[in-house]
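Notes follow the structure.
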Amino acid sequence: GQAGSAGGFLGLVEGLRQVTGQALGGQVEDAHTGLVSGFGMVNYDRGLGAAATIIQQGK
């Protein structure tokens, strides 16, 4: 099953942890850039909203 609205920021949090080297297991080696995407406002058979962001480690 899916977490629904409870899982809204899980992808973003995991992306930030990967890029900053703070993943809680399963760390991607030498990760500097990440892409997080998702959709929401699911109305019957389609998502009415979509978004994506690119996360990049600052230097």
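For the stretch 14-35, what are the residues that are farther than 12 Å from GLN56 by Cβ and of a type in the set (A, V, I, L, M, F, W, C)? Walk me through how you get there before you give the answer.
Initially, the stretch 14-35 is screened for residues farther than 12 Å from GLN56 by Cβ, giving 14, 17, 21-30.
Within the stretch 14-35, ALA23, LEU24, VAL28 meet the criteria.
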Just to be sure before I move on: is ALA23 surrounded by 12 or more Cβ atoms within 10 Å (Cβ to Cβ), at pLDDT 85 or above and within 13 Å of the chain's Cα centre (by Cα) in the structure I sent?
yes
Selection from the stretch 29-43 of residues surrounded by 12 or more Cβ atoms within 10 Å (Cβ to Cβ) and not small (Gly, Ala, Ser) yields HIS32, VAL36, PHE39, VAL42
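The values are calculated or read from the model by the stated rules, or taken from the named source; none is laboratory data. In this text the structure is predicted, and so the values were computed from the model without any measurement. Cβ atoms come from the backbone with ideal geometry, glycine included; neighbour counts cover every protein chain shown.
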